[in-house]
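Visitor: Sharing a structure with you now.
The values are calculated or read from the model by the stated rules, or taken from the named source; none is laboratory data. Note that the coordinates shown come from a computational prediction; the quantities given were computed from them, not determined experimentally. Neighbour counts are summed over all protein chains in view; Cβ atoms, including those assigned to glycine, are modelled from backbone coordinates with ideal geometry.
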Amino acid sequence: MFDNSDLYFTTVTVGKKGQIIIPAKLRKELSIVSEEQLVILSGPHQEGFMVLKTQSFIERQEKFKKLTEQLFGRNITSMKSVKTVEK
């Protein structure tokens, strides 16, 4: 069941170098530490982006792959619509 107390909402400002600061409370709740790499995802509609911890992204990707294999009965090894952007 969905619990609204799990939601976190705030605004952040993009700095001159394109950086945003993840609020300390959220970093603590999500156990995000300095120098940790995160995954940024954006959709085709250019409305925003989502940030995931790397391990969470990998786990979701593996679950999606298994579900796809169950639904379509074959091994899907590539995601053609995903593109990597260099820093």
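Visitor: Which of the residues spanning segment 29-46 are within 19 Å of Phe57 (Cα to Cα) and either touching an Asp or Glu at 6+ places or on another chain (Cβ under 9 Å) or not in a strand (DSSP E or B) (or both)?
Guide: Answer for segment 29-46, where residues must be within 19 Å of Phe57 (Cα to Cα) and either touching an Asp or Glu at 6+ places or on another chain (Cβ under 9 Å) or not in a strand (DSSP E or B) (or both): Glu29, Leu30, Ser31, Ile32, Val33, Ser34, Glu35, Glu36, Gln37, Gly43, Pro44.
For (1) touching a strand residue (DSSP E or B) at 6+ places or on another chain (Cβ under 7 Å); (2) at pLDDT below 90; (3) surrounded by fewer than 12 Cβ atoms within 10 Å (Cβ to Cβ); (4) among the small types (Gly, Ala, Ser), each residue gets a yes or a no:
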{"site": "Glu35", "(1), (2), (3), (4)": "no, no, yes, no"}
{"site": "Gln46", "(1), (2), (3), (4)": "no, yes, yes, no"}
{"site": "Leu52", "(1), (2), (3), (4)": "yes, no, no, no"}
{"site": "Lys63", "(1), (2), (3), (4)": "no, no, yes, no"}
{"site": "Thr77", "(1), (2), (3), (4)": "no, yes, yes, no"}
{"site": "Val82", "(1), (2), (3), (4)": "no, yes, yes, no"}
{"site": "Val85", "(1), (2), (3), (4)": "no, yes, yes, no"}
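Visitor: While we're looking at this one, here's another question. Exactly one of (1) at pLDDT below 90; (2) β-branched (Val, Ile, Thr); (3) touching a helix residue (DSSP H, G or I) at 6+ places or on another chain (Cβ under 8 Å); (4) not in a loop (DSSP other than H, G, I, E, B) is unmet by Thr68. Its number?
Guide: Among (1) at pLDDT below 90; (2) β-branched (Val, Ile, Thr); (3) touching a helix residue (DSSP H, G or I) at 6+ places or on another chain (Cβ under 8 Å); (4) not in a loop (DSSP other than H, G, I, E, B), the lone unmet condition for Thr68 is (3).
Visitor: Here are the criteria: (1) out of contact with any helix residue (DSSP H, G or I) (no Cβ under 6 Å at 6 or more places or on another chain); (2) at negative phi. Tell me which single one Glu35 does not satisfy.
Guide: (2)
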